There are 2 protein chains.
Amino acid sequence: MEQAIAAVRAAIDDGRMKPGVKYSVYQLAEGLGISRTPVRDALLRLEEVGLIKFEARQGFRILLPQPKEIAEIFAVRLALELPAVRKAATADDPALPAALLQQQRLMRDAAAVGNEHQFAHHDLGLHDLILDAADNSRARAIVKTLRETTRLLGANTADKTRTLTDIDDEHTPVIDAIIAGDPDKAEAAMRQHLENTGRLLVAQALRTEASDRSVDEIWSTVV
Amino acid sequence: MEQAIAAVRAAIDDGRMKPGVKYSVYQLAEGLGISRTPVRDALLRLEEVGLIKFEARQGFRILLPQPKEIAEIFAVRLALELPAVRKAATADDPALPAALLQQQRLMRDAAAVGNEHQFAHHDLGLHDLILDAADNSRARAIVKTLRETTRLLGANTADKTRTLTDIDDEHTPVIDAIIAGDPDKAEAAMRQHLENTGRLLVAQALRTEASDRSVDEIWSTVV
DNA sequence: CTACAGCTTCTAGCATGCTACGACCAGCCT
DNA sequence: AGGCTGGTCGTAGCATGCTAGAAGCTGTAG
């Protein structure tokens, strides 16, 4: 079943499966060479996360997050990650600075060669590291799930309006402030980063569905 | 499948299924008069939420949340519900005050006759109403899930150290502040309420597992 | 040419068959 | 008598059978 989940995620990531198109458990199971049961289980879990939607007796469809949903996701992330980054800045874990800098180095390397996939992976790793430092595994799990549902869009977004290096530049003040033990600065930098990213994704979602609403309008109703 | 989820929850609630005991999909399916597949699906979802745990080739077991987990859950709830109650206090939804007072009335009635089940239901309804007013369905869904995992304990807690009326008294200032449009007071009152409840549940969890750690120790590492 | 009706062909969802494997128990060997 | 070993039982997990129902197509009638 884990295999099936990973397979579907991978298929979505590399564009073999596209939003809007109808798929069926039968096809997918055959393609993966396993039976329908674990595939269905996997899809049920993805449905719960909101990544797909079963339509009764018609198959299922990959969903693109709506602009409002994206804004909601980032509102939740702000609520959870801002306190987390404060805690990370005040907690004195001697191993944390090294881990942060290591993660940053990995991201820089990925950015240098333009490897978006690697970059996204290490970006997740950095945020995860901060939530780990805040010592709340539940919050960590929630944010991980939220990121998963926006990742689909994220992959397409970075190269359009923001380079990988731009994103990396937003991380730097966060990392510096944590290492310096300055919770206010860390929080402000993280807020900056999440707001930028969130508004960008909302803007893109608005574009793809050709809506005439404004980013600010949606953003302000939620955040 | 929804039927199976509801059945398992109900069985846990009224004590037909107890934490620590081993159960199997076979037994359960037979008991419910449906096949193993939907029962298994339901249990997989409950496992994802952390309410049960499958043990390979041995059945599954109902889990009691650990003290740390409870503290984490309340840390997340604070992060999400404090902003929400602020928004509820500033948003001018003309229908909100009436809805809040209505919900409070239902809770009072349930408290008056000592109907814990009804009370818990309406309590959930009140918190849900506030999150709804904040207009973030994602946060709403998250909190709902979190409440589900603590509900098991919650039912046992209320009658021990806090009467239903005590809980109700904590809600009053929250509702009043929202109606008065005072976000600061609303936030403070909600914080008071959530901290009380959270610490109480942590204390109970510590008692049931006979730990010698203190509530403050656990609470302060997370919140 | 168009509208409609019936049929074929998909589907999800539930039920059931099947298998590999860990736990537990009884019986044997030392 | 005590420890080990083989066998039996029960389990999750995967595969497959089965059914009701919706979508779309095809052929026919107007």
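Is the shape of region B:73-124 best called rounded, prolate or oblate, per the rule: a/c under 1.5 gives rounded, else a/b larger than b/c gives prolate, else oblate, with a ≥ b ≥ c the square roots of the Cα gyration tensor eigenvalues? Write out the running numbers ahead of the final one.
Numbers: a/c = 4.15, a/b = 1.32, b/c = 3.15.
Oblate.
Let a ≥ b ≥ c be the square roots of the eigenvalues of the Cα gyration tensor of region A:1-40; is it rounded (a/c under 1.5), or, if not, prolate (a/b larger than b/c) or oblate? Please list the in-between numbers first.
Values: a/c = 2.15, a/b = 1.36, b/c = 1.58.
Taking the square roots of the gyration eigenvalues as a ≥ b ≥ c, region A:1-40 is oblate.
Report relative contact order for region B:74-218 in percent, whole number only (criteria: Cα-Cα under 8 Å, sequence separation at least 6). All intermediate terms of the calculation are to be shown ahead of the outcome.
Values: 137 pairs, mean separation 49.5, N = 145.
RCO, region B:74-218: 34 percent.
What is the residue of chain B with the smallest Cβ distance to the axis taking B onto A, and what is that distance in whole Å?
B:Ala79, 2
Expressed as a rounded percentage, what relative contact order does region B:4-160 have, with Cα pairs under 8 Å and six or more residues apart? Don't skip to the answer; put the middle values down first.
Working: 125 pairs, mean separation 33.4, N = 157.
Relative contact order for region B:4-160 comes out at 21 percent.
Taking θ as phi - 60°, what are the ³J(HN,Hα) couplings along region B:197-209 by the Karplus curve (6.51, -1.76, 1.60), each to the nearest whole Hz, with x for Gly and Pro?
For region B:197-209, the Karplus curve yields 4, x, 5, 5, 5, 4, 4, 5, 5, 4, 5, 5, 9 Hz.
Out of A:Ile130, A:Thr197, A:Ser211, whose Cα points farthest toward the positive end of the dipole of chain A (charges: +1 Lys, Arg; -1 Asp, Glu; placed on Cβ)?
Of the listed residues, the answer is A:Ser211.
Taking the label point as lying 7 angstrom from Cα along the Cα-to-Cβ axis, what are the distances from A:Thr208 to the corresponding position in the remaining copies, in ascending order and in nanometres?
4.3
Quick one: grab the alpha carbon gyration tensor of region B:66-199, order the square roots of its eigenvalues as a ≥ b ≥ c, and give me rounded if a/c is under 1.5, else prolate or oblate depending on whether a/b is larger than b/c. Can you show the working numbers first?
Numbers: a/c = 1.66, a/b = 1.20, b/c = 1.39.
Here region B:66-199 falls in the oblate category.
At R0 = 35 Å, how high is the FRET efficiency between A:Asp14 and A:Asp212 if r is their beta carbon distance? Nearest 0.05 is fine. If you can, show how the numbers build up before the last one.
Values: r = 32 Å, r/R0 = 0.91.
It comes to 0.65.
So what is the calculated 222 nm ellipticity per residue for the protein assembly as shown, using -39500 (n - 2.57) for each DSSP H run with n of 4 or more, over all residues, to the nearest 500 deg cm²/dmol? Could the numbers behind the result be given before it?
Details: 20 runs with 338 residues, N = 446.
About -25500 deg cm²/dmol.
Using the number of other C-beta atoms within 10 angstrom as an exposure proxy, rank B:Lys87, B:Lys53 with the fewest first.
Values: B:Lys87 22, B:Lys53 12.
Taking fewest neighbouring Cβ atoms as first place, the list is B:Lys53, B:Lys87.
Using a label point 7 Å beyond Cα on the Cα-Cβ vector, give me the inter-copy distances for A:Asp176 in nanometres, one decimal, shortest first.
With the label placed 7 Å along Cα→Cβ, A:Asp176 yields 4.8 nm.
Answer with one residue from A:Pro67, A:Ala98, A:Pro83: the one whose Cα lies farthest towards the positive end of the charge dipole of region A:60-99, charges on Cβ with Lys, Arg +1 and Asp, Glu -1.
Comparing the listed Cα positions along the dipole, A:Pro67 ranks first.
Count, for each residue of B:73-80, the Cβ atoms from other chains sitting within 10 Å of its Cβ, then give me the mean as a whole number. Display every interim value, and only then the final one.
Values: counts 3, 1, 9, 9, 1, 2, 11, 6.
Mean partner-chain Cβ count within 10 Å for B:73-80: 5.
Distance in nm between label sites at A:Tyr26 and B:Glu47, each 7 Å beyond Cα in the beta-carbon direction?
Computed distance between label sites A:Tyr26 and B:Glu47 equals 2.8 nm.
Once amide H atoms are built 1.01 Å from N in the peptide plane, which residues 5 or more positions from A:Ile52, or in another chain, come under 5 Å H to H?
Under 5 Å from the amide H of A:Ile52: A:Glu47, A:Leu63.
Return a single number: how many Lys pairs in chain A, at a sequence separation of 8 or more or on separate chains, have alpha-carbon atoms below 18 angstrom apart. Let's see the in-between values first.
Numbers: A:Lys18/A:Lys53; A:Lys22/A:Lys53; A:Lys53/A:Lys68; A:Lys87/A:Lys185.
Taking the Cα cut-off of 18 Å, the pair count is 4.
For label points placed 7 Å from Cα toward Cβ, what is the shortest-first list of nm distances from A:Glu148 to its copies?
1.5
Using θ = phi - 60° and the Karplus form 6.51 cos²θ - 1.76 cosθ + 1.60, what ³J(HN,Hα) does each residue of region B:137-150 get, whole Hz, x for Gly and Pro?
Karplus values, whole Hz, x for Gly and Pro: 5, 5, 4, 4, 5, 5, 4, 4, 4, 4, 4, 4, 6, 9.
How large is ³J(HN,Hα) for each residue in region A:120-128, as worked out from phi by the Karplus curve 6.51 cos²θ - 1.76 cosθ + 1.60 (θ = phi - 60°), to whole Hz, x for Gly and Pro?
Calculated HN-Hα couplings, in order: 4, 4, 6, 4, 4, x, 5, 4, 5 Hz.
Where a number appears in this text, it was derived from the coordinates with a stated rule and is not lab data. Bear in mind that the values here come from a model prediction, so they are computed numbers and not experimental data. So basically every Cβ, Gly included, is an ideal-geometry build from the backbone, and we count neighbours across all protein chains shown.
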